[in-house]
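Asker: The following block contains the structure, expressed as structure tokens.
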Amino acid sequence: MSTDPALFVATNDLAGQTRGRAVPHAGADAALRRGVGWVPANLALTAFGQIAPNVFGSVGDLRLLPDAASALDLPASATHPGVRLVLADQVLPDGSPWHCCPRTFARTALADFRAATGYEIVASFEHEFTLDGPPDTAPFSFGRYRGAEPFGDELVALLTDAGLEPETWLPEYGADQFEITLRPVTALAAADRAVLLREVVRDLARRHQRRVSFAPLLDPDGSGNGVHVHLSLRDATTGDPVLYDPARPGRLSTPGARFAAGVLAHARALLGVTAPSPVSYLRLTPHRWSTGGVFLAERNREALLRICPTSTLGGGDPAEQFNLEFRPTDATANPWLTLGVLVRAGLRGITEEYAPPVVWPEDTAEEDLAGVPSLPSGLEEALQELEKDRVVADWFHPDLLDTHLAVKRAELAEVAELDPRERCARIADVH
Ligand code: GLU
Ligand code: MG
């Protein structure tokens, strides 16, 4: 087996899939400089592998231009060669941006946000997933944690060596469920890490011949696998945190409250991007600690935006820890598009001075939340909200939006005849 690892140049697409091309080690330097070929119509691939209707057709060429800063090494094992995985922008052959590239969508949103506000966004994507293992292990138990070894230790070591800064690795509540969190980092890198993390987990499971799934729900009666996006704002010049203001409701500063207002105001459309699979909405129902409605609350796991706890233990500084958690997304979504729409919604809230929203306190009774707006009941409804909310729709080039809608509708059609249990199984096969 060759000891010189290949370079896999990858994008993550509208179906949430990481796809790309490998070049042998000898060609890696050239590929880092000049990219590798790619095809516009690939953006219309569904998670099931068909090509949805699209404007690109059989013509046109792109380059996948790697960002060397995102490169991650997966070392060789006894059974599998090593590989270097690097994330790329989709660009035109002359290197100029392609109007449908999801990573460029995020980067542009972040640049606009910084230019308009003077703030930088720091983020972390928290992931839950299901890893088959010994039967009937208890939620949160030492037994489940140990039962996952040596997978868990190897995962944490791989992530550490790759610079992804794992923070916690834990047995979760649902059957066979685990969670991994990474340290917060500059937002584009956080979204890159989300793409990479999923592939590291899958690659390790492959090596161990264990089945892993990030699907939002594996069993309609079970617990969901969520992705929770933690966001905080910092002054781009001084690095000072700007979300925290102990004098304001929920300790959320005025810019933080306006950011939240933007996300809440456009939430029903955002979900067409952040919860984009036919089973995402089975997870997004009340009493699952996913998201029970469109509201902002202090430390409430049913909120769409949760104000996370802070701790003063060991000299902890609340301002440094303070962050907003967006909960209605899952790993069927593209992390760059998820980040991009959240940033654009927050930016809109700040620049248009949206009224600070209600911060529901921790002791709010469930009945008091009866009047909060509901989430879309399914993907088709969310897609219609996305088309209808012209503010959100206009953040996308029409080709990108149309392709997204076509991909999602093709995925819906693929599972239309299946009952919820079969739908979950079908989505779990591809996520
Ligand atoms: N599994 C829940 C979800 O679907 C999250 C539980 C938790 O708060 O960690 O989002
Ligand atoms: Mg969790």
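Asker: Can you pull out the strands (runs of 3 or more DSSP E) entirely within the stretch 86-184 that have at least 2 residues that are hydrophobic (A, V, I, L, M, F, W, C) and more than 16 Å from ligand 2 (Cβ to nearest atom)?
Answerer: 119-131
Asker: Which residue, of 189, 175, is aliphatic (A, V, I, L, M) and either open to solvent by less than 20 Å² (accessible area, probe 1.4 Å) or more than 14 Å from ligand 1 (Cβ to nearest atom) (or both)?
Answerer: Residue meeting the stated conditions: 189.
Asker: Say we look at the stretch 236-260 and pick out the residues that are in a strand (DSSP E or B) and touching a Ser or Thr at 6+ places or on another chain (Cβ under 7 Å); which of these is nearest to residue 119 (Cα to Cα)?
Answerer: Of all residues in the stretch 236-260, those in a strand (DSSP E or B) come to 241, 244, 252.
The next check asks that each one be touching a Ser or Thr at 6+ places or on another chain (Cβ under 7 Å); those that pass are 241, 244.
Details: 241: 9, 244: 14 Å.
My answer is 241.
Asker: Output the number of residues of the stretch 192-235 satisfying the condition of being surrounded by fewer than 19 Cβ atoms within 10 Å (Cβ to Cβ), assigned to a helix (DSSP H, G or I) and of a type in the set (Gly, Ala, Ser).
Answerer: The total comes to 1.
Asker: Return the residues of the stretch 336-380 that are charged (D, E, K, R) and either free of Cβ contacts under 8 Å to residues at least 12 places away in the same chain or more than 28 Å from residue 405 (Cα to Cα) (or both); say none if nothing qualifies. Working first, answer last.
Answerer: Within the stretch 336-380, the first condition is being charged (D, E, K, R), and the residues that meet it are 344, 348, 352-353, 362-363, 366-368, 380.
Those that are charged (D, E, K, R) and either free of Cβ contacts under 8 Å to residues at least 12 places away in the same chain or more than 28 Å from residue 405 (Cα to Cα) (or both): 353, 362, 363, 366, 367, 368.
Asker: A further question follows. Answer with yes or no whether residue 216 is under 19 Å from residue 18 (Cβ atoms), within 18 Å of the chain's Cα centre (by Cα) and not hydroxyl-bearing (Ser, Thr, Tyr).
Answerer: yes
Asker: Cβ-Cβ distance below 8 Å, separation of 6 or more or different chains: which pairs start in the stretch 178-194 with a residue that is under 21 Å from residue 218 (Cβ atoms) and end on one that is among the β-branched types (Val, Ile, Thr) and outside any strand (DSSP E or B)?
Answerer: That search, which allows pairs on different chains as well, returns 180/201.
Asker: Sticking with this structure for a sec: Out of 268, 306, 248, report the one residue that is within 16 Å of ligand 2 (Cβ to nearest atom) and of a type outside the set (Phe, Trp, Tyr).
Answerer: Going through 268, 306, 248 in turn, just one is within 16 Å of ligand 2 (Cβ to nearest atom) and of a type outside the set (Phe, Trp, Tyr): 306.
Asker: Taking the stretch 134-161 only, how many residues are buried (at least 19 other Cβ atoms within 10 Å of the Cβ) and not aromatic (Phe, Trp, Tyr)?
Answerer: Total meeting the criteria: 7.
Asker: Determine the pairs where a residue that is at positive phi, located within the stretch 144-173, has a partner that is within 16 Å of ligand 1 (Cβ to nearest atom) with Cβ atoms under 7 Å apart, the partner being 6 or more residues away or on another chain.
Answerer: Correct list of pairs: 165/182.
Asker: Here is a follow-up. Filter the stretch 162-172 down to residues that are surrounded by fewer than 19 Cβ atoms within 10 Å (Cβ to Cβ) and more than 15 Å from residue 148 (Cβ to Cβ) and give me whichever is nearest to ligand 1 (Cβ to nearest atom).
Answerer: Of everything passing the filter in the stretch 162-172, 167 is nearest to ligand 1 (Cβ to nearest atom).
Asker: Another one. What is the number of the single condition among (1) farther than 23 Å from residue 208 by Cα; (2) out of contact with any helix residue (DSSP H, G or I) (no Cβ under 8 Å at 6 or more places or on another chain) that residue 135 does not meet?
Answerer: All conditions are met except number (1).
Asker: Turning to a different aspect of this structure: Considering only the stretch 258-282, state which residues are crowded, with 23+ Cβ neighbours inside 10 Å and among the basic types (Lys, Arg).
Answerer: 258
Asker: Moving on to the next point. From the set of residues in the stretch 68-85 that are out of contact with any Asp or Glu (no Cβ under 7 Å at 6 or more places or on another chain), outside any strand (DSSP E or B) and not polar (S, T, N, Q), which is least open to solvent (accessible area, probe 1.4 Å)?
Answerer: My answer is 71.
Asker: Go through the stretch 10-24 and give me each residue that's over 18 Å from residue 106 (Cβ atoms) and open to solvent by less than 50 Å² (accessible area, probe 1.4 Å).
Answerer: Residue satisfying the conditions is 23 alone.
Asker: Across the stretch 334-380, what is the total count of residues that are open to solvent by less than 30 Å² (accessible area, probe 1.4 Å), in contact with an Asp or Glu (Cβ under 8 Å, 6 or more places away or on another chain) and in a loop (DSSP other than H, G, I, E, B)?
Answerer: So the count comes out to 2.
Asker: Within the stretch 25-44, does at least one residue satisfy the condition of being touching a residue at least 60 places away in the same chain (Cβ under 8 Å), assigned to a loop (DSSP other than H, G, I, E, B) and open to solvent by 40 Å² or more (accessible area, probe 1.4 Å)?
Answerer: No: zero hits.
Asker: Then there's this: For the stretch 57-70, enumerate the residues that are in contact (Cβ under 8 Å) with a residue 60 or more places away in the chain and not hydroxyl-bearing (Ser, Thr, Tyr). Spell out the reasoning first.
Answerer: Looking only at the stretch 57-70, we keep the residues that are in contact (Cβ under 8 Å) with a residue 60 or more places away in the chain, and these are 67, 69-70.
Passing the criteria: 67, 69.
Asker: What number goes with the only condition from (1) without any contact (Cβ under 8 Å) to a residue 60 or more places away in the chain; (2) closer than 28 Å to residue 22 by Cβ; (3) open to solvent by 40 Å² or more (accessible area, probe 1.4 Å) that residue 115 does not pass?
Answerer: Looking at each condition in turn, residue 115 falls short on (2).
Asker: Which of the residues belonging to the stretch 325-341 are of a type in the set (A, V, I, L, M, F, W, C) and out of contact with any strand residue (DSSP E or B) (no Cβ under 6 Å at 6 or more places or on another chain)?
Answerer: 333, 336, 337, 339, 341
The values are calculated or read from the model by the stated rules, or taken from the named source; none is laboratory data. Fair warning: this is a prediction, and the values are worked out from it, not measured in the lab. Don't worry about glycine lacking a Cβ; one is built from the backbone with ideal geometry, like all the others, and counts go over all protein chains shown. When the accessible area is computed, the model is the full protein with side chains, heavy atoms only, and any ligands, DNA or RNA have been set aside. Shrake-Rupley method; radii C 1.70, N 1.55, O 1.52, S 1.80 Å.
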